[in-house]
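Single-structure report; data block below.
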Amino acid sequence: MGRKKTVIPIHTLETAHGEGIAIRQLRAASAGDIYQPEAHRDDHYLFLLVESGRCRFMIDFEQYDIKQGEVIYVYPGQVHACVHADHVQAIALSLAPELIPAVYSSALEAVNGMQQPTSPDTAATGLLLQGLRLLEQLLEQPADLPFRQQMLNGGIDICTGIFTGVYQNSKPAGHHSSRPETIMRQFRALLVNNYLTLRTPSAYAAALHISATYLSETVTAQSGFTVNHWIHEQLMLEARRRLYHTDDTIKEIAHGLGYEDHAYFSRLFRKKTGITPQQFRAQSRK
C-alpha cells in the first residue's frame, strides 16, 4: 500500500538570482516525456505559448487542448498538469505575481478561473516570441550587468502585456470600467487568494473599504449571484481539488477548509455539486 497523500504539491519559483522569473523550453514527443506530469499548484503565474504540436492541460478539473500558436495561463493556486503531449514544443514563462505590472494583473484577475486557450494574431505572436527570447538571453547575462533589472522589467512588461491583451475582454475603444465592474474584479481577486481566511461578505467588504450592503448589491447586480454564493463556490472548488488529489478523509478536508462540522460540509458540498464528497471522489477517480 502506498503512502497516504495528504497535500497537493506546491511548486515554488526558484531562480539563480532570485529575480522571480523563469523561462523554460518545453518539448515532449508523447505523454511519457512531459515535464512535471504530476498535478500540482504553483506559487506564481505560468504563461504558456505552444510553438508546435499540441498538448492537453488539466486546470481545476477542466481539460484544454492547446495547439500550435495558442496561449494559456495558470494563476497561483490553481491545480494543473499536462496530461497529454503530441510532439509539442512550447515556451513557459513563470512570473512572481508582484512582477506583473498592476494594469495587467488587474485585467488577469478579471479572467482568473475562466481562462481558455486562445490565439494571438500573427503580429502579436511574433512580438511575443521575440520578447520571450530576449528575456531568456537577459536571464543568461551576469547579475552585475549594468541596468540588467531595468531591462528585465521592460521585457516582462512587453511579454505580460501581450499575454494579457489576448485575454482582455473585448470592449469599445475608450471604454473605462465602471465602479461596480471594478469592485466585482477586486472582489474576485481577493476571493481566489484569500478564501481560506476571509469567510464572510463583511470581511470582503472591509478589505475593499466599502459597506457589506454595497458589496452585496454590486456583486449580485454584476454576476446574478450573491457574495456568499461565490465564497462557497470557491471553497467547494478547493474541496474538489483535495478530494481528488489527496487521500485525506472527508472530515480532514472539512476541517482543513474551516468547517468544524464535517456533516454540514458534506451537506453543503452535495447542495453545490449534486453529489456527496464520497461520490465525487469515487466518480472522479474512475
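Within segment 111-133, the set of residues being open to solvent by 50 Å² or more (accessible area, probe 1.4 Å), farther than 30 Å from residue 180 by Cβ, free of Cβ contacts under 8 Å to residues at least 24 places away in the same chain and not acidic (Asp, Glu) comprises 122, 123, 130, 133. Would you pick out the residues in segment 32-54 that are open to solvent by 10 Å² or more (accessible area, probe 1.4 Å), under 13 Å from residue 90 (Cα atoms) and in contact with a helix residue (DSSP H, G or I) (Cβ under 9 Å, 6 or more places away or on another chain)? Of everything in segment 32-54, just one residue is open to solvent by 10 Å² or more (accessible area, probe 1.4 Å), under 13 Å from residue 90 (Cα atoms) and in contact with a helix residue (DSSP H, G or I) (Cβ under 9 Å, 6 or more places away or on another chain), namely 51.
Restricting attention to segment 187-229, the residues that are open to solvent by 40 Å² or more (accessible area, probe 1.4 Å), over 20 Å from the mean Cα position of the chain (by Cα), among the hydrophobic types (A, V, I, L, M, F, W, C) and closer than 27 Å to residue 98 by Cβ total 2. Residues that are assigned to a loop (DSSP other than H, G, I, E, B), crowded, with 16+ Cβ neighbours inside 10 Å and β-branched (Val, Ile, Thr) occur in segment 99-110; there is at least one. Quick one: how many residues across segment 55-80 are open to solvent by 20 Å² or more (accessible area, probe 1.4 Å), part of a strand (DSSP E or B) and more than 25 Å from residue 105 (Cβ to Cβ)? Residues meeting the conditions: 4. Pick from 96, 39, 102: which is aliphatic (A, V, I, L, M) and within 30 Å of residue 284 (Cβ to Cβ)? 39 is the lone residue from the list that is aliphatic (A, V, I, L, M) and within 30 Å of residue 284 (Cβ to Cβ). For the residues 50, 83, the requirement of being at pLDDT below 95 and in a strand (DSSP E or B) singles out 83. Only residues that are out of contact with any Ser or Thr (no Cβ under 9 Å at 6 or more places or on another chain) and at pLDDT 90 or above were counted across segment 151-187, and they come to 12.
Here is a yes/no grid of residues against (1) farther than 30 Å from residue 106 by Cβ; (2) touching a Ser or Thr at 6+ places or on another chain (Cβ under 7 Å):
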{"residue": "212", "(1), (2)": "no, yes"}
{"residue": "235", "(1), (2)": "no, no"}
{"residue": "238", "(1), (2)": "no, no"}
{"residue": "260", "(1), (2)": "yes, no"}
{"residue": "263", "(1), (2)": "yes, no"}
{"residue": "267", "(1), (2)": "yes, no"}
{"residue": "275", "(1), (2)": "yes, no"}
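Checking the structure you have, find out if any residue of segment 74-90 is under 13 Å from the mean Cα position of the chain (by Cα) and without any contact (Cβ under 8 Å) to a residue 24 or more places away in the chain. Checking segment 74-90: not a single residue is under 13 Å from the mean Cα position of the chain (by Cα) and without any contact (Cβ under 8 Å) to a residue 24 or more places away in the chain. So for segment 17-25 (the condition being in contact with a Ser or Thr (Cβ under 6 Å, 6 or more places away or on another chain) and touching a residue at least 60 places away in the same chain (Cβ under 8 Å)), does at least one residue qualify? So far as segment 17-25 goes, yes, one or more of its residues are in contact with a Ser or Thr (Cβ under 6 Å, 6 or more places away or on another chain) and touching a residue at least 60 places away in the same chain (Cβ under 8 Å).
The values are calculated or read from the model by the stated rules, or taken from the named source; none is laboratory data. For clarity, every value in this text was computed on a predicted model and none was experimentally measured. FYI the Cβ positions are ideal-geometry reconstructions off the backbone, even for glycines, and counts take in every protein chain you see. The area values use the complete protein model at the heavy-atom level, side chains included, leaving out ligands, DNA and RNA. Shrake-Rupley method; radii C 1.70, N 1.55, O 1.52, S 1.80 Å.
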